[in-house]
Every structure is written in C-alpha cells, then in structure tokens.
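Okay, structure first, notes after.
Nothing in this text is a laboratory measurement; each read-out follows from the coordinates by a stated rule. On a predicted model such as this, the values are computed, not experimentally measured, just so you know. Neighbour counts run over all protein chains shown; Cβ positions are idealised from the backbone, glycine included.
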Amino acid sequence: MQQYLNLGEKSGIEVYEISGTYISIKFKRSSKIYIYRYNRAGRDNVEIMKILARKGQGLNSYIMKNVKDLHDI
C-alpha cells in the first residue's frame, strides 16, 4: 500500500492501494481495509477516488460525501 500524501493535512486516510476495478483504503483510526469496488461504489466514483488518492488531497471528503457505506471490508 502507498502512503496517502495528505496535502490538506486533515485527512483520516493513512494508506491506499489502487487496482484495476477497485481502490483499497486504510483509515488512520481503524485497522480495517475498506475496499471500494466498481460493482458496489460505481465505476465513476472509484475512478475519481483513484485520481484523488494519487493527488493526495480530497479523498476523505469525497468518500464521506459520496460513497461512505459502499465498501467491502
């Protein structure tokens, strides 16, 4: 997994991993890995999350507003 850059300095995201049809995310306050897949969170949402993860900014906010409960653990 890759360290999340956290350019906004307030993110709850620690690390992430990008794959073809999903993104895995570990939040700082949890030991669980949350997996956001095309078939559950939607292709467009997952692709936006990948962009935000690479950018290192805005991912936590996007998750909370758009896909909060659309993950697998």
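Looking at 6, 66, 60, 39, which one is of a type outside the set (D, E, K, R) and buried (at least 17 other Cβ atoms within 10 Å of the Cβ)?
On the way: 6 fails: buried (at least 17 other Cβ atoms within 10 Å of the Cβ); 66 fails: buried (at least 17 other Cβ atoms within 10 Å of the Cβ); 39 fails: buried (at least 17 other Cβ atoms within 10 Å of the Cβ).
None of the other options fit; the residue is 60.
Looking at 15, 46 in this structure, which one is in contact with a Lys or Arg (Cβ under 9 Å, 6 or more places away or on another chain), of a type in the set (A, V, I, L, M, F, W, C) and crowded, with 17+ Cβ neighbours inside 10 Å? Give the steps one after another, and end with the answer.
Details: 15 fails: crowded, with 17+ Cβ neighbours inside 10 Å.
Of the residues listed, the single one that is in contact with a Lys or Arg (Cβ under 9 Å, 6 or more places away or on another chain), of a type in the set (A, V, I, L, M, F, W, C) and crowded, with 17+ Cβ neighbours inside 10 Å is 46.
Looking only at residues in the range 34-60 that are among the small types (Gly, Ala, Ser) and under 10 Å from the mean Cα position of the chain (by Cα), which one is farthest from residue 7 (Cα to Cα)?
Filtering the range 34-60 for residues that are among the small types (Gly, Ala, Ser) and under 10 Å from the mean Cα position of the chain (by Cα), the one farthest from residue 7 (Cα to Cα) comes out as 53.
Name the pairs whose Cβ atoms lie under 6 Å apart, with the first residue in the range 15-41 and assigned to a helix (DSSP H, G or I), the second of a type outside the set (S, T, N, Q), and 6 or more positions between them or separate chains?
Qualifying pairs under 6 Å: 38/46; 40/70; 41/67; 41/70.
Restricting to the range 1-14, and then to whatever is in a loop (DSSP other than H, G, I, E, B) and among the hydrophobic types (A, V, I, L, M, F, W, C), can you tell me which residue is nearest to residue 70 (Cα to Cα)? Walk me through how you get there before you give the answer.
We begin by selecting, within the range 1-14, every residue in a loop (DSSP other than H, G, I, E, B); these are 1, 4-12.
From what is left, the residues that are among the hydrophobic types (A, V, I, L, M, F, W, C) are 1, 5, 7.
Values: 1: 21, 5: 23, 7: 25 Å.
Here the residue is 1.
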